[in-house]
Amino acid sequence: MCKMSFILIGSIMAYSTVASATVFGGSNMGFSGYPEFSDSAPTPPYDGNEYSMQTYKNDVERYIQNAKQYTENAGNDMKRIQEAQDDAIQKATRVVEEYNRTARGY
């Protein structure tokens, strides 16, 4: 029964694809969980003069850039998590293979 469980687990893990790549770039990961995008949205000006509208445009561009940076960092974090999952599967697969070789007397 125990040998069968290891063989079954090994078979399941063998079907997962393992990619080995290093992720470069920023991260949003924090100590207290994954943060939400919390940048303050710009507010439209009360008056429509040229200076106020230019300032508002600059604020909107900054807000969009910060949102892009957040989503890029989130993508990097997802890649890091996938790498960690793949690494764990790869390590577990090696242990199962070693167990099966030992159990068969190889």
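The figures follow:
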{"quantity": "Scope segment 20-42; condition hydrophobic (A, V, I, L, M, F, W, C) and either in contact with a helix residue (DSSP H, G or I) (Cβ under 6 Å, 6 or more places away or on another chain) or modelled with pLDDT of 75 or more (or both); matching residues", "calculated": "VAL23, PHE24, MET29, PHE31, PHE37, ALA41"}
{"quantity": "Residue match in segment 80-101 (condition: closer than 30 Å to PRO45 by Cα, under 24 Å from the mean Cα position of the chain (by Cα) and not charged (D, E, K, R))", "calculated": "no"}
{"quantity": "Long-range neighbours under 9 Å by Cβ, at least six apart or interchain, first residue closer than 11 Å to MET29 by Cα within segment 69-87, second surrounded by 15 or more Cβ atoms within 10 Å (Cβ to Cβ)", "calculated": "TYR70/ASN28; ASN73/ASN28; ALA74/ASN28; ASN76/ASN28; ASP77/ASN28"}
{"quantity": "Residues (of a type in the set (A, V, I, L, M, F, W, C), at pLDDT 95 or above and more than 26 Å from GLY33 (Cα to Cα)) located in segment 56-106", "calculated": "VAL60, ALA92, VAL95, VAL96"}
{"quantity": "Unmet requirement for THR93, which otherwise passes all of (1) surrounded by 13 or more Cβ atoms within 10 Å (Cβ to Cβ); (2) among the hydroxyl-bearing types (Ser, Thr, Tyr); (3) free of Cβ contacts under 8 Å to residues at least 60 places away in the same chain", "calculated": "(3)"}
{"quantity": "Identity of the residue in segment 25-57, in contact (Cβ under 8 Å) with a residue 12 or more places away in the chain and under 30 Å from ALA84 (Cβ atoms), that ends up surrounded by the fewest Cβ atoms within 10 Å (Cβ to Cβ)", "calculated": "TYR34"}
{"quantity": "Lone unmet requirement of (1) surrounded by 12 or more Cβ atoms within 10 Å (Cβ to Cβ); (2) more than 24 Å from the chain's Cα centre (by Cα) for ASN76", "calculated": "(2)"}
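The values are calculated or read from the model by the stated rules, or taken from the named source; none is laboratory data. Fair warning: this is a prediction, and the values are worked out from it, not measured in the lab. Cβ atoms come from the backbone with ideal geometry, glycine included; neighbour counts cover every protein chain shown.
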